[in-house]
Amino acid sequence: MYDKLSDEALTRFCLHGLAAHRVQVEHQGDEKFFVVRTNALAALPVRKGFARYGGDAYFNEKWEPVKIVDEGWHGHTKDDDWGRDGPVKPEVTRPGDKCWQEAKFRFRSSVSVLVTLVDHLYAIHLEAANILVTALREKLSPGHPVRRFLTPFTYQTITVNDNARNNLVNWGSMSPRFFAFTDEGLSMAFNAAGSLVLNGFECDPPKLDRVEYVKYLKEKQVIDTPFWQNAVKYWKVIKKYVERYFEHCYCKEEGKVKADLSSWPSSNRSSSNSKMSHLLLQWASRNGCPVMVRMSTT
């Protein structure tokens, strides 16, 4: 059993654990590094007495930790300037350095905040789940085959998101208390959250198909980790399940499928400025049944 504070544990944390979906690649000269980034949080103001978040962890091609570049390490040390936003000089820490354990602790803590706020609260609850359940409720009747199919997967979404708004988003609720951000810092974090999500929409053009996204990561970013390999396998299993359902309900009636899809995502374009809802509308109106399966699988 490995030590949870070891470098091996840091590698596992990033390659197989909480940060596995946020691995990126950076080239510096002839060297290639795998990177997990959290420095996007480093410039956000925090309450007095708390340390700033931050740290980009670099690994070589053998997935051995090389360094952590932390833009939040120094923060602003003057009491009257502690909460101000803005960049500061990064601290570069390497394995064996005196502060290496502290750098790893700061990085792990920052990853947990980034994933919780950006990937979980914003991307899953407030964007994806909210868009889907709004479209189902506003545009599809209770007996519609798509709504019936997706209802188990959206069960309690409205209640959960309402609780999230009251308990996690509002000022003075849980999130403002257990994150170190000032009210201004938390607002800035939510405003930036959409640009920090890594799910295919950061590509140009966006990759809505999970297999195509993983192919892009492998060919363009040279990222071929166990997490994404297993993600494709899982996606294909779900896709097969979805295909069988829609073949049964629609019997390949392409015109009926396109008619359903052309109106379904439009409810979200009017109620949300989300890039996701607009792209789904365009994609649906062009592709019919295949996109019905892909949307429901995703």
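Bear in mind these aren't lab numbers, they're just calculated from the coordinates by the rules spelled out. Computed from a predicted structure; not experimentally measured. Using ideal geometry, Cβ is built from the backbone for each residue, glycine included, and neighbour counts are taken over all protein chains shown.
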Globularity ratio of the range 110-173, using Cα Rg and 2.2 N^0.38 Å: 1.28
Overall dimensions of the range 7-109 by Cα: Rg and Dmax, Å: 14.0, 44
Loop-resident sites, the range 94-176, for chymotrypsin sites (Phe, Trp or Tyr not before Pro), counting at most 11 other Cβ within 10 Å (DSSP): 155, 171
Pairs from 89/218; 4/220; 104/215; 215/240; 215/239 whose Cα-Cα separation, in the structure shown, is over 24 Å: 89/218; 4/220; 104/215
